[in-house]
Amino acid sequence: MRRALGRRAFGTMMLASVAGCSAPVEVSGSNRDSSYQKKLTRVLVTTALRAPDLSPTQNEGFVRAREIGQSLAAWEPLGVAVEVVDLTSGQGAAEAEARLAPQQILALTLKGYRLYSYVVDAYAVDASLIDVSTRKRVWRSSVQFQGMAESGRIRHSGLGGAISHQNDADDLARALTAKLKADGLL
């Protein structure tokens, strides 16, 4: 009986601690070029979300391009075609640019990370939207992937092995969508 009560109390404490957490992925501090009046139509998303000073196993803590691509498919009903390219895996942006003929490029670049017990716990990404015709940045924001203490989300499998980050990708897509709509780009 005591053991069951202990587990129930522990479960209640864990639920309460996770319920008080902040959003796992937050997009903040956007800066839009007020002269840019186009809406997103065909977007090439380039990702550079690996750190050269981390091991391949540690780099598995970051969201992957294919997961972002699956999540950004939610933009199709909004009339936005999206293709995602992982620049760190050797995928060529030039080939994707020729294939998609994008109007805009959304570059997602790793800005920094925090380790916990040698695995990626939290990280920040720079999100820059570039107009293809002028090659000028027209929008920029910062994306924060919160750590376990802030969000309740684990980004590693104990020793940093590969796990799905689809939840992070889904949260990223929702947060980017909300921020781009608020800024008049979607």
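Since every read-out is calculated from the coordinates, none of them should be taken as a lab result. None of these values were measured; they are calculated from a predicted model. With ideal geometry, Cβ positions are generated from the backbone for all residues, glycine too; neighbour counts draw on all protein chains shown.
Here region 22-182 is assigned +1 on the Cβ of each Lys and Arg and -1 on the Cβ of each Asp and Glu. Its dipole about the Cα centre then comes out at about 520 debye. Using modelled amide H (1.01 Å from N, peptide plane; none on Pro or chain starts), what sits under 5 Å from the amide H of residue 121, excluding residues fewer than 5 places away? Those lying under 5 Å, H to H, from residue 121 are 114, 115, 116.
Largest GNM mean-square fluctuation across 150, 26, 76, computed for the chain with C-alpha springs under 10 Å, falls on 76. A crude spin-label estimate for the pair residue 183 and residue 55, with each label 7 Å from Cα along the Cβ direction, gives 3.7 nm.
Within the chain, antiparallel bridges make up roughly 70 percent of the DSSP beta bridges whose residues both belong there.
Across the chain, the mean sequence separation of Cα contacts (distance under 8 Å, 6 or more residues apart), normalised by length, yields a relative contact order of 32 percent. By the helix-only formula, in which each DSSP H run with n ≥ 4 contributes -39500 (n - 2.57) and the sum is divided by residues, the chain has a 222 nm mean residue ellipticity of -9000 deg cm²/dmol.
Inter-part distance, region 67-115 to region 137-156, computed on C-alpha centroids, equals 17 Å. Please work out the FRET efficiency for the pair residue 163 and residue 28, using the Cβ-Cβ distance as r and a Förster radius of 22 Å; give the result to the nearest 0.05. The pair residue 163/residue 28 has a calculated efficiency of 0.25. Give me the count of lysine pairs in region 22-182 whose alpha carbons sit under 17 angstrom apart, restricted to pairs 8 or more positions apart or on different chains. So the count works out to 6.
Shown in residue order for region 128-144 are the 3J(HN,Hα) couplings computed by the Karplus curve 6.51 cos²θ - 1.76 cosθ + 1.60 at θ = phi - 60°: 10, 9, 10, 7, 5, 5, 9, 6, 10, 6, 10, 7, 8, 8, 10, 10, 10 Hz (x for Gly and Pro).
For Cα extents along the principal axes in Å, the value computed from the atomic coordinates appears in the list (1) 68, 35, 26; (2) 51, 44, 33; (3) 95, 24, 23 under label (1). The gain in end-to-end length when the residue 37 to residue 81 segment is fully stretched comes to 14.0 nm, 0.36 nm per residue minus the alpha carbon separation. Amide hydrogen proximity for residue 82: with H placed 1.01 Å from N in the peptide plane, the residues at 5 or more positions away or on another chain lying under 5 Å are 43. Computed on region 18-123, with alpha-carbon pairs under 8 angstrom and 6+ residues apart, the relative contact order is 36 percent.
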